[in-house]
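Inspection log for the structure reproduced underneath, given as structure tokens.
The values are calculated or read from the model by the stated rules, or taken from the named source; none is laboratory data. In this text the structure is predicted, and so the values were computed from the model without any measurement. Here Cβ is always computed from backbone atoms with ideal geometry, including for glycine, and neighbour counts include all displayed protein chains. SASA here: full protein model, heavy atoms, side chains in, ligands and nucleic acids out. Shrake-Rupley method; radii C 1.70, N 1.55, O 1.52, S 1.80 Å.
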Amino acid sequence: LTDGLGVVPWIAILPAVGLTAVINYLGSIFYVFPARDAENNPETRWRMAALALIGCSLMLRWLYLGQAELIFDEMYYWTYTLHPALSYLDHPPLTAWLVWLGSSAFGDNAFGVRAATLLLGPASIVFAYLFTRDLYDKTRGLLGAMLVAVVPAWLATGFLMTTDAAATTAWLAALYFLQRALIHDRPGAWIGAGVA
């Protein structure tokens with residue numbers, strides 16, 4: 001808040017204190033001093049933990065999206081947008097198209113180049129949840145999504161617009177649709193797998 005938006009420090013600390021209070025309160029309710037029914041039902045506690053970590057992970061990705069300067073690879077992909085094509089010498093075109101879309105909407109800056117990760121991050125979490133939920137249940141689905149959300153490499157795909165950002169989302173989507181097609185015998189899922 002102070003560096004990005006120029007908010008004075010004594011005001012910028014208020015949202016941090018409020019968020020910390022909420023996190024501490026929820027942690028105390030569900031983990032330190034759980035109610036009797038929560039003690040008997042660990043599923044609720046696991047779900048709350050998974051949702052909290054997923055939320056924090058997405059918040060960090062969105063908060064720091066345009067803060068760091070562009071790295072060489074991102075600038076290289078941005079130059080692709082100057083000459084749109086169906087293919088490039090050493091990369092497939094999806095990353096260039098996503099950079100072009102973000103730059104067109106938000107300008108030729110770090111935020112614009114990385115804007116597509118605003119959608120790719122939540123999409124990959126959703127596909128991780130759906131994949132694991134279909135294999136087990138809703139609680140394990142949330143835990144599977146949480147595991148993806150806290151992997152440092154996945155967090156990096158939110159701070160940088162590299163080929164990994166779209167590839168990770170497409171990979172998780174392909175896993176989900178292939179599982180639907182092969183295990184659950186849903187022929188329509190082959191279309192989703194092909195798109196992924």
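Looking only at region 7-28, count every residue that is farther than 19 Å from Met59 by Cβ and open to solvent by less than 60 Å² (accessible area, probe 1.4 Å) and tell me the total. Working first, answer last.
We begin by selecting, within region 7-28, every residue farther than 19 Å from Met59 by Cβ; these are 8-11, 28.
Filter once more, so that each one left must be open to solvent by less than 60 Å² (accessible area, probe 1.4 Å): 28.
So the count comes out to 1.
For region 78-125, what are the residues that are open to solvent by 20 Å² or more (accessible area, probe 1.4 Å), part of a loop (DSSP other than H, G, I, E, B), closer than 29 Å to Leu175 by Cα and in contact (Cβ under 8 Å) with a residue 24 or more places away in the chain?
Within region 78-125, His91, Pro92 meet the criteria.
Out of curiosity, is Glu43 at pLDDT below 75 and open to solvent by 50 Å² or more (accessible area, probe 1.4 Å)? Steps first, answer last, please.
On the way: at pLDDT below 75: no; open to solvent by 50 Å² or more (accessible area, probe 1.4 Å): yes.
No, not satisfied.
Taking region 138-174 on its own, how many of its residues are among the aliphatic types (A, V, I, L, M) and either under 26 Å from Asp90 (Cβ atoms) or free of Cβ contacts under 8 Å to residues at least 24 places away in the same chain (or both)? Explain how you work it out, then say what you get.
Going through region 138-174, the residues among the aliphatic types (A, V, I, L, M) turn out to be 142-143, 145-151, 153, 155-156, 160-161, 165-167, 170, 172-174.
Checking which are either under 26 Å from Asp90 (Cβ atoms) or free of Cβ contacts under 8 Å to residues at least 24 places away in the same chain (or both) leaves us with 147, 151, 153, 155-156, 160-161, 165-167, 170, 172-174.
Final tally of qualifying residues: 14.
Output the residues belonging to region 126-136 that are within 30 Å of Leu70 (Cα to Cα) and surrounded by fewer than 20 Cβ atoms within 10 Å (Cβ to Cβ). Quick ask: steps written out before the conclusion?
Initial filter on region 126-136 (within 30 Å of Leu70 (Cα to Cα)): 126-128.
Val126, the sole residue that qualifies.
Restricting to region 139-168, name every residue that is among the β-branched types (Val, Ile, Thr) and farther than 19 Å from Ala50 by Cα. First the steps, then the outcome.
From region 139-168, those among the β-branched types (Val, Ile, Thr) are 139, 148, 150-151, 157, 162-163, 168; that's our starting set.
Within region 139-168, Thr157, Thr162, Thr163, Thr168 qualify.
Does any residue of region 175-196 turn out to be open to solvent by 20 Å² or more (accessible area, probe 1.4 Å), farther than 28 Å from Tyr64 by Cβ and among the aromatic types (Phe, Trp, Tyr)?
Yes; the residues of region 175-196 include at least one that is open to solvent by 20 Å² or more (accessible area, probe 1.4 Å), farther than 28 Å from Tyr64 by Cβ and among the aromatic types (Phe, Trp, Tyr).
Provide a single number: the residues in region 62-77 that are open to solvent by 100 Å² or more (accessible area, probe 1.4 Å) and either at pLDDT 85 or above or charged (D, E, K, R) (or both).
The total comes to 2.
Looking only at region 69-86, filter to residues that are among the hydroxyl-bearing types (Ser, Thr, Tyr) and out of contact with any helix residue (DSSP H, G or I) (no Cβ under 6 Å at 6 or more places or on another chain); which one of those is farthest from Thr162 (Cα to Cα)?
Initial filter on region 69-86 (among the hydroxyl-bearing types (Ser, Thr, Tyr)): 76-77, 79-81.
This time we only want the ones that are out of contact with any helix residue (DSSP H, G or I) (no Cβ under 6 Å at 6 or more places or on another chain), so: 76, 79.
Working: Tyr76: 10, Thr79: 13 Å.
So, considering only residues that are among the hydroxyl-bearing types (Ser, Thr, Tyr) and out of contact with any helix residue (DSSP H, G or I) (no Cβ under 6 Å at 6 or more places or on another chain), the one farthest from Thr162 (Cα to Cα) is Thr79.
How about region 12-26: which of its residues are in contact with a helix residue (DSSP H, G or I) (Cβ under 8 Å, 6 or more places away or on another chain) and closer than 21 Å to Met48 by Cβ? Break it down into steps so the answer makes sense when it comes.
Taking region 12-26 as the starting set, the residues that turn out to be in contact with a helix residue (DSSP H, G or I) (Cβ under 8 Å, 6 or more places away or on another chain) are 12, 23, 26.
Passing the criteria: Ile23, Leu26.
Select, from Thr168, Thr157, Thr139, the only residue that is modelled with pLDDT of 90 or more and buried (at least 21 other Cβ atoms within 10 Å of the Cβ).
On the way: Thr157 fails: modelled with pLDDT of 90 or more; Thr139 fails: buried (at least 21 other Cβ atoms within 10 Å of the Cβ).
Only one candidate qualifies: Thr168.
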